[in-house]
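> Quick one: structure below, then a few questions.
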Amino acid sequence: MRPDRSFSFFYILYNVPMRTRGFTLIELLVVIAVIGLLMGLLLPALGQARKTARATACMAELRGISQALVAYNGDHREAVIPSYNMTGTVGTGIILDGWAPIMDRDGYITSGRHGKGNPFYCPETVDVEGVASGQTGTDPNNPKGWTDWPFERTGSANIPQIDPTHGFEKIIRVSYWMNSINPIGGTVQVDQDLHYTGSVGYGPGTNGQFVRQTYVKAFVRPYQLIALADGVYAGRQRDNQLGTTNSRIGFRHPGKNSSANTAFADGHVRAIGGKEFPRALGGSNVVAEVIDENTGEKPSVYANPERALGL
């Protein structure tokens, strides 16, 4: 008689004990270690990708602003937007408008009232008032911060203040620096057409002049002349490089020694590394180094580098 194969199969299936096996402690620890290693490798890469994405968003915003500045020049008979309008060098009750509020008021760039979510605020901005005490000092986060405009000048601080009389009905938080003549103190010599623009109305300087409007005709090579960059406020061109005390350039983005997105007078934008950003004459800067940084095909803080540097 043939054996019942089905009987044999089910007999084996139900009567032979099956061995079940879980992870040992060592295996579990190995799995956890591998996951931790992968996370350690991936998280920095994801963080860098986010920084790169924010740098790209910043560059897009800055490009839009720089092209709007070119449009402003065309609409104002080649007059360049002032960094701000200033009615005197001392005293209280003076409200400085700022280039960003001017662009917003006149319809070139529309901004939110305050804080993040406006085109004048880089996505990588550190949330700190960059020039709260008048200078950025040695804190590396200060140049990566912001400035509120318009503001009222007082004896010890700049207080954000609207100015409805002149059409400025909101405070705009700005985290870009403007390459402007921005003298401090009534005894400072006032140079004209030196940089991209100026704090119009400032004065008198030691020569009795006030800072006047800058015109495009002063730009020898607009494609090399820096107009805006990541940073705060305006001026202080002699201290533009990374790690310099009182620098106002905010090197917020990835790159060699970190980089600052920079807009030029002709409307194009590119990043400049922390040790390559050109400086102006002044302080302890070596003249030969300043000449090298601002001439040839390199970016410059000067509207006319040869004239400004005596070449």
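> Does residue 26 fit the bill of being modelled with pLDDT of 70 or more, assigned to a helix (DSSP H, G or I), farther than 30 Å from residue 111 by Cα and out of contact with any His (no Cβ under 7 Å at 6 or more places or on another chain)?
Yes.
> Please go through region 276-297 and give me each residue that is in a loop (DSSP other than H, G, I, E, B) and either among the β-branched types (Val, Ile, Thr) or under 17 Å from the mean Cα position of the chain (by Cα) (or both), ordered by number. Steps first, answer last, please.
First, the residues of region 276-297 that are in a loop (DSSP other than H, G, I, E, B): 276-286, 295-297.
276, 277, 278, 279, 286, 295 - these are the residues of region 276-297 that are in a loop (DSSP other than H, G, I, E, B) and either among the β-branched types (Val, Ile, Thr) or under 17 Å from the mean Cα position of the chain (by Cα) (or both).
> Where the second residue is at pLDDT below 95 and not in a loop (DSSP other than H, G, I, E, B) and the first is farther than 26 Å from residue 133 by Cβ and basic (Lys, Arg) and lies in region 205-234, which pairs have Cβ atoms under 9 Å and are six or more apart or on separate chains?
Matching pairs, first to second residue: 212/198; 212/200.
> Could you grab the pairs with beta carbons closer than 6 Å, sequence gap of 6+ or different chains, first residue in region 283-311 and surrounded by fewer than 21 Cβ atoms within 10 Å (Cβ to Cβ), second one assigned to a helix (DSSP H, G or I) and of a type outside the set (Lys, Arg)?
295/305; 309/291
> Another question, if that's okay. On the given criteria, is residue 234 crowded, with 16+ Cβ neighbours inside 10 Å and either polar (S, T, N, Q) or under 15 Å from residue 96 (Cα atoms) (or both)?
The answer is yes for residue 234.
> Would you tally the residues in region 261-275 being in a loop (DSSP other than H, G, I, E, B) and modelled with pLDDT of 95 or more?
Total meeting the criteria: 4.
> Follow-up question, since we're still on this one. Out of the residues in region 195-220 that are modelled with pLDDT of 95 or more, surrounded by fewer than 24 Cβ atoms within 10 Å (Cβ to Cβ) and closer than 18 Å to residue 71 by Cα, state the one that is farthest from the chain's Cα centre (by Cα).
217
> For region 70-87, how many residues meet the condition of being part of a loop (DSSP other than H, G, I, E, B) and surrounded by fewer than 16 Cβ atoms within 10 Å (Cβ to Cβ)? Let's see the steps before the verdict.
Of all residues in region 70-87, those part of a loop (DSSP other than H, G, I, E, B) come to 76-78, 80-83, 86-87.
From what's left, surrounded by fewer than 16 Cβ atoms within 10 Å (Cβ to Cβ): 76-78, 87.
Counting residues in region 70-87 that are part of a loop (DSSP other than H, G, I, E, B) and surrounded by fewer than 16 Cβ atoms within 10 Å (Cβ to Cβ) gives 4.
> Which residues, counting only those in region 264-311, are in contact with a helix residue (DSSP H, G or I) (Cβ under 6 Å, 6 or more places away or on another chain) and among the acidic types (Asp, Glu)?
Step one: filter region 264-311 for residues in contact with a helix residue (DSSP H, G or I) (Cβ under 6 Å, 6 or more places away or on another chain), giving 267, 269, 278-283, 285, 294-295, 300-303, 305, 309.
Scanning region 264-311 gives no hits.
The values are calculated or read from the model by the stated rules, or taken from the named source; none is laboratory data. Please read all numbers here as calculations on a predicted model, not as lab measurements. Note that each Cβ is placed from the backbone with ideal geometry, even for glycine, and that neighbours are counted across all protein chains shown.
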